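A short write-up of the structure that comes next.
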Amino acid sequence: MTGLAIKRLHPSIGAEVNGVDLSRPIDAPTRDALNQALGEHLALVFHDQSLTPAQYVEAASVFGPPMRQHYSQHNMADHPDIGLVWHRNGQQPAERWHTDHTNRERPPAATVLYGVEIPSSGGGTSVANMRAAYAALPEDEQARLATLSTVNMLDGHTDTREDDRRKYDVPIVHPMVRTHPVHGSRAVYFHVQKAKQIEGMSPDASLQYMNDLLERMIRPEIVYHHVWRKGDVLVIDDRATMHRAHGDYDRSQSRVLWRVIAEGDRPTLV
Ligand SMILES: [Fe+2]
């Protein structure tokens with residue numbers, strides 16, 4: 001392991017990683033250090049990377065095995081583990097707070113994004129520390145949340161392919177508070193559009209409660225806002241954060257990110 005340096009970007013969440021060229025093989029000590037850093041800082045930024053699709057998939061696999069993404073119409077033809085995030089052909093910016101692919105039994109440990117085409121201003125990505133959000137809740141609400149689980153399915157995008165629907169639109173139950181397998185701490189965990197209901201509550205009451213939680217939990221003090229530069233790699237820890245895109249850019253300009261999701265553990269509360 002040579003030259004790895006980690007610099008905090010925000011008091012609550014986010015760190016910049018220097019001294020790592022993601023186009024090269026990553027040795028075992030560096031992999032361990034990066035996974036520890038992700039668990040601690042929850043969002044890692046690598047600047048000035050220059051990656052082929054194959055190098056990118058290899059680099060993202062430092063954080064777990066790449067998982068196939070369920071909007072397969074957006075997957076790169078020759079490299080189907082890479083999803084293309086671009087706001088054309090019907091894709092809209094995911095502007096609501098969420099964590100990715102909660103409809104999977106083993107949802108991603110990390111979402112890895114690579115900035116390929118970046119608009120001249122706007123179009124950033126925000127990441128919220130849901131470990132800090134949990135810690136800030138009143139004790140009785142922490143205790144209540146720890147008893148709740150969500151039932152997750154695909155969020156009703158109308159352009160989902162039938163084949164993806166068959167494979168991935170199957171109910172999966174996850175706890176609303178999960179223990180981080182590396183860091184050992186607890187975080188609030190749900191995707192408001194994929195959670196069809198909280199077990200034991202009606203869909204309407206579930207939605208209302210989750211929206212109310214988001215409103216109360218996500219405050220500027222626990223959010224890192226990433227302003228993209230071409231060549232950035234942003235790694236988001238999906239086990240203890242929520243994120244959102246910002247559509248506040250000139251849509252005549254192109255914004256293209258490559259996305260790989262790296263498989264994690266089945267969420268548990270211990
Ligand atoms: Fe996302």
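All of the numbers you see were taken from the coordinates with simple rules; none came from a lab. Bear in mind that the values here come from a model prediction, so they are computed numbers and not experimental data. Counting neighbours? That spans all protein chains shown, and the Cβs are built from the backbone with ideal geometry, glycine included.
Worth pointing out:
- Residue exposure proxy: 196, 7, ordered by other Cβ atoms within 10 angstrom of their Cβ from fewest to most, comes out as 7, 196.
- Listed residue (5, 28, 50) projecting farthest to the positive dipole end of segment 1-64, Cβ model: 5
- For segment 169-184, Karplus couplings with θ = phi - 60° (6.51, -1.76, 1.60), whole Hz, Gly/Pro x: 9, 10, x, 10, 9, 10, x, 7, 10, 10, 8, 6, x, 9, 8, x
- Between 202, 121, 252, the Gaussian network model of the chain with springs among Cα atoms under 10 angstrom shows the greatest mean-square fluctuation at 252.
- Working from Cα pairs under 8 Å separated by at least six residues, relative contact order for the chain is 34 percent.
- In summary, the lysines within cross-link reach of residue 196, defined as a Cα separation below 30 angstrom excluding same-chain residues under 8 places away, comprise 167.
- Gyration tensor (alpha-carbon) shape descriptor, segment 149-202, a/c threshold 1.5: prolate
- Magnitude of the charge dipole, the chain, Cβ model with Lys/Arg +1 and Asp/Glu -1, debye to 20: 20 debye
- The helix-only estimate of mean residue ellipticity at 222 nm for the chain, built from DSSP H runs of length n ≥ 4 each weighted as -39500 (n - 2.57), is -6000 deg cm²/dmol after division by the residue total.
- Cβ-to-Cβ counts within 10 Å put 241, 125 in ascending order as 125, 241, the fewest first.
- Proximal lysines to residue 230, defined as alpha-carbon separation beneath 23 angstrom and excluding residues fewer than eight positions away on the same chain: 7
- Cα shape, segment 110-166, gyration tensor, a/c 1.5 rule: oblate
- With neighbour counts taken as other beta-carbon atoms within 10 Å, the residues 120, 61, 23 rank, fewest first, as 120, 23, 61.
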